[in-house]
Each structure stands twice: as C-alpha cells, then as structure tokens.
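The values are calculated or read from the model by the stated rules, or taken from the named source; none is laboratory data. Because the structure is a prediction, the values reported are computed rather than measured. Cβ coordinates were reconstructed from backbone atoms using ideal geometry, including for glycine residues, and neighbour counts include every protein chain displayed.
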Amino acid sequence: MTTTPTFRDPAPRGLCTDCGVSRMQDPSACGKACQFIKPDYPTLETRVHGQAAKDIGDARFFGVSHAMYRAALTPARAGAQWTGLTTRLAEQLLECGKIDAVLTMVPDPSDRWRPQPAIITNAADMSEARGMRMGYAPLLALLEPAAAAGHKRIAVIGIPCQVYALRALEASLGFERIYVIGTPCSDNTTTENFHSFLARLTDAPETVTYLEFRADYHVELRFTDGSQRLIPFLKLPLSDLPADFFPVTCRTCIDYTNRLADITVGYMAGEGEQWLIVRNARGQEMLDGLGTEVSLATPGSRGKRAGAVKGFIENTKLAAGGLPLRRMPHWLRGIMAWLMPRVGPRGLEFARARVEMKAAETILHLRREEPAKIKNMVPDHVWNLAKPYGLLPEDGEETKD
Ligand SMILES: Cc1cc2nc3c(=O)[nH]c(=O)nc-3n(C[C@H](O)[C@H](O)[C@H](O)COP(=O)(O)OP(=O)(O)OC[C@H]3O[C@@H](n4cnc5c(N)ncnc54)[C@H](O)[C@@H]3O)c2cc1C
Ligand code: SF4
Ligand code: SF4
C-alpha cells in the first residue's frame, strides 16, 4: 500500500528546503536538525558510522566509506533513474520483512516532475517511487504518521539535507531501526523553475519523461515517444537562466555525497554505471541482500581535475559577484564539448572534481548572500576541499566550537 498523507503548512524559515521538520509536532526541532544552521558532521558520523571522516584519501572527498563500487542492478528496472538500485535496496528490505515501511517520494499525480512524500508498505509498490523528480517535498513529515501507523522498523530514502535532519533527530524518534539509503544531490531547484528549464531545452517540454546530468558531460533527455537526445554540458542554456534559478540553499549546500546515509547510491564515479558508497555495516547488510542481482566492480579514475575546478571557480566568482557568466564563442563550445568527454576527469576523479566545485560554490555564494552564516554553517570538510584553490576562511569566518 502507498499512503500520501497531507501535512500542516511549513513554518517560515530562512535557508530551508522544506525537509519536513517544520511541519512536525515540534517545529522548533529545526534548530537542532537543520543542515543550514550549525551542522555537526563529526559527531553524527561517529554516532552513525563509528568514526568521523578523516581529511585523507577519498574520505576527504566523499566522507566515511567502508567500500566503493561501480555497480549495476541486472536487469535495470523500468522507470528507474539509472538501474534502480536505490528503490531495489528498499524493496528487498520489505520483501524479507526487515522493515514495515519505506519513506520516500512518488510523483505527484498531476505533475510527474513534482516529488510527493509517500509511505510504502508493499514491496511491489516500490516501482512507483522510481525515477528522479526535481524540487522539494517534506519527506521527514512522514515520520510521525509512520510511527502513528505502528511502523517500528523503517527505511528512509533521502537527499543529503533531508538525511542530515533525520540523523540529528533519529535518537528521539522512537523507531527500533532506521535503514538510510541516500542519493547524492546537487543543483536542485523548485519544480516550477525546472519546468522553465525544460522549456529552454525543447519545444515540447511536456513530452520529456527523463533528464539526467551524466558523467560523460552530457545531459540526457528521453521523450514520451521513446526517443532520446544528448546535449553537451557546454551547450546548455545555463548562462541564460535567471540569477535566482537555483535557490541559495542548493548553491550553498554542504554535503554533496550524503555523508550520513548507510549507503549512498549515485552515478558520478560510475563512468556510465552507478556508484555505491557503502558507509557502515547496515549499508553492507542492504547490499548483501541483493546478492547476484547487483554487479560490482572497482571504480576507475582518470585525468586531472585541477584545471576544470579552477575554471569553474573563476566563473563562479563572476556569477557570485553578480556579473554575467563568461560566454564561450559558439565555435569553441563545439570543440570543448567534443574534447571534455575525451580528456576531462573520469570516474573517481570526476566525482572529486564535482565535490570540490560544490565546496567552492558554497563558500563563494554564502560570502555574497549570507555572510553571517559562514562561521556556523560551513563545516571543516568543506573548507578542506576548497583550501587547495586558495579559498580559506577570512576574518570572522572561522568555525566556532
Ligand atoms: C535533485 C537531485 C539531484 C541529483 N544530483 C546528483 C548528482 O549530481 N550526482 C549523482 O551521482 N547523483 C545525483 N542524484 C541522484 C541520482 O539522480 C539518482 O537518483 C541515483 O543515482 C539513484 O538512481 P537509481 O536508478 O538507483 O534510483 P531509483 O531506483 O530510480 O530511485 C530514485 C529514488 O530517489 C527518490 N527521489 C527522486 N526525486 C527526489 C527528490 N526530488 N527528492 C527526494 N528524493 C527523490 C525517489 O523517490 C526514489 O526513491 C540527484 C538526485 C536528485 C533528486
Ligand atoms: S530544511 Fe528542514 S530542518 Fe531546515 S529549516 Fe527547513 S524544515 Fe527545518
Ligand atoms: S542541493 Fe543540497 S540543499 Fe539542495 S536539495 Fe540537494 S541536498 Fe538539499
């Protein structure tokens, strides 16, 4: 069964992605739970994974990891964003009776791109949740109805800002067990803004069924008639978007790879397949449950990211300063669009590049838009990622204990 409860209106907040906490019985819990106030990753990582992420090796980029894989679910599931590993992990937990319910998003019945929070209790119904939606919806407001329905052991599928709040409140929620399946997340925006983006990409935006920013530097679009179109990143109409297209929250987000999930399911280091970060024993238990349904390989890594990251930071400084993004001449865009998938960073190096870009973006946009928040909101792991590019705390920005 799939239940889609309705919730009270959200309490007004500053930086907020409506993760659902402000709609719960005690909206003041946001003060403790919110990623955008004073996050404490080391304490929560220690509680969840048994250790805080060290500033060395790939833990520096992706957080605590017990194992990392290129991965694919076989066969890939219809309607999934990639192969459907995320929803299959939860489906398998329901099948074997380890959980009573999954808290996740299904498409809004009137708009396939709008996420709608849902409690799913039948394994077969997990197919409804497959695929990516753009926008925000109050996932964690499902916790109270799930508890009221008598569910004791649950799985939650969430993006990083939702998972941070879940972990901050976990001990007080009263569930026996929570399995946390996370996806990376970046550049989210409102569903309304996303529709206007689609309208810039095609004359028939209502026929788009799928969109993904792939690790081969292309955006893939699929259409209702089964056709597919690939657009090189450099040819996207990004510089034509209004300055507030991406909300401040998602330009200043501090956790790309969902560091507090038990298992993160993404694609960035997958080179065309999916990318798994197993972070702790519970994540390993979920992966083991899939047995031979999942193929696993060691992620590759090629190329050098520094030039791409520096170029991105220069452009972000212009954009964060309110200046228009430098536009490449059209002929050069064509050449660069051809070259990037061939010589640009690949595999883990691509994922490291994206994580460093996001850290730099966070600092530059917060400096311009919410400078007073930097000292409490930017964790050490973000400063450490930006440091090699000369982005260091300025006066008044040092993290306060
Ligand atoms: C806004 C956004 C940006 C992302 N950016 C990246 C990125 O930069 N790099 C990367 O590696 N991965 C990113 N992801 C994750 C990626 O798109 C895939 O979801 C992930 O790789 C899992 O694929 P899958 O086939 O296993 O998922 P599926 O089995 O198809 O399941 C997808 C799951 O995601 C949930 N979901 C979909 N949309 C939302 C939403 N808006 N909010 C909360 N939950 C949602 C669904 O309910 C479902 O449970 C992003 C996801 C979102 C929602
Ligand atoms: S994102 Fe969640 S925790 Fe943060 S202010 Fe909004 S509702 Fe509260
Ligand atoms: S980019 Fe960050 S803040 Fe925005 S929705 Fe994704 S996890 Fe939340």
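Which numbered condition in (1) within 20 Å of the chain's Cα centre (by Cα); (2) surrounded by fewer than 18 Cβ atoms within 10 Å (Cβ to Cβ) is the only one that Pro237 fails?
Answer for Pro237: the failing condition is (1).
Give the number of residues within region 119-135 that are buried (at least 21 other Cβ atoms within 10 Å of the Cβ), within 16 Å of ligand 3 (Cβ to nearest atom) and within 16 Å of Gly84 (Cα to Cα).
As a first pass, look at region 119-135 and keep what is buried (at least 21 other Cβ atoms within 10 Å of the Cβ): 119-120, 126, 129, 131, 133, 135.
So of that shortlist, the ones also within 16 Å of ligand 3 (Cβ to nearest atom) come out as 133, 135.
Still in the list and also within 16 Å of Gly84 (Cα to Cα): 133.
Looking only at that region, the number is 1.
State which residue is nearest to ligand 3 (Cβ to nearest atom) when the search covers only region 155-187 and only residues that are crowded, with 16+ Cβ neighbours inside 10 Å and more than 21 Å from Leu276 (Cα to Cα).
Applying the first criterion (crowded, with 16+ Cβ neighbours inside 10 Å) to region 155-187 yields 155-170, 175, 178-186.
Still in the list and also more than 21 Å from Leu276 (Cα to Cα): 165, 168-170, 175.
Values: Ala165: 10, Ala168: 14, Leu169: 16, Glu170: 18, Phe175: 22 Å.
The qualifying residue nearest to ligand 3 (Cβ to nearest atom) is Ala165.
Just give me the residues in region 50-89 being farther than 20 Å from Arg259 by Cα and either basic (Lys, Arg) or in the same structural domain as Gly347 (by TED's automatic domain parsing) (or both), in sequence order.
As a first pass, look at region 50-89 and keep what is farther than 20 Å from Arg259 by Cα: 72-84, 88.
Listed by number, the residues that qualify are Arg77, Arg88.
Can you work out which of the residues in region 1-36 that are within 8 Å of ligand 2 (Cβ to nearest atom), over 25 Å from Ile120 (Cα atoms) and at pLDDT 95 or above is nearest to the chain's Cα centre (by Cα)? It would help to see each step written out before you state the result.
Pass one, region 1-36, residues within 8 Å of ligand 2 (Cβ to nearest atom): 10-11, 13-23, 27, 29-30, 33-36.
Now drop any that are not over 25 Å from Ile120 (Cα atoms), which leaves 11, 13-16, 29-30, 34-36.
This time we only want the ones that are at pLDDT 95 or above, so: 15-16, 29-30, 34-36.
Values: Leu15: 17, Cys16: 15, Ala29: 23, Cys30: 20, Cys34: 16, Gln35: 13, Phe36: 15 Å.
In this case the residue turns out to be Gln35.
Going through region 49-78 one residue at a time, which ones are among the small types (Gly, Ala, Ser) and in contact with a Ser or Thr (Cβ under 8 Å, 6 or more places away or on another chain)?
At the first step, the residues of region 49-78 found to be among the small types (Gly, Ala, Ser) are 50, 52-53, 57, 59, 63, 65, 67, 71-72, 76, 78.
Passing the criteria: Ala52, Ala59, Gly63, Ala71, Ala72, Ala76, Ala78.
In region 142-154, what residues are in contact with a helix residue (DSSP H, G or I) (Cβ under 9 Å, 6 or more places away or on another chain) and crowded, with 24+ Cβ neighbours inside 10 Å?
Selection gives Leu143, Ile154.
In region 127-157, how many are closer than 29 Å to Leu211 by Cα and more than 8 Å from ligand 1 (Cβ to nearest atom)? Spell out how you get there, then give the answer.
Of region 127-157, the ones closer than 29 Å to Leu211 by Cα are 127-142, 155-157.
Within this subset, residues satisfying the condition of being more than 8 Å from ligand 1 (Cβ to nearest atom) are 127-128, 138, 140-142, 155-156.
Residues that pass the stated criteria total 8.
Give region 14-47 a look and list any residue that's away from ligand 1 (no atom under 16 Å from the Cβ) and polar (S, T, N, Q), or say none. Break it down into steps so the answer makes sense when it comes.
Start the filter on region 14-47 by keeping residues that are away from ligand 1 (no atom under 16 Å from the Cβ), which leaves 14-15, 22, 24-34, 36-47.
Residues satisfying the conditions are Ser22, Gln25, Ser28, Thr43, Thr46.
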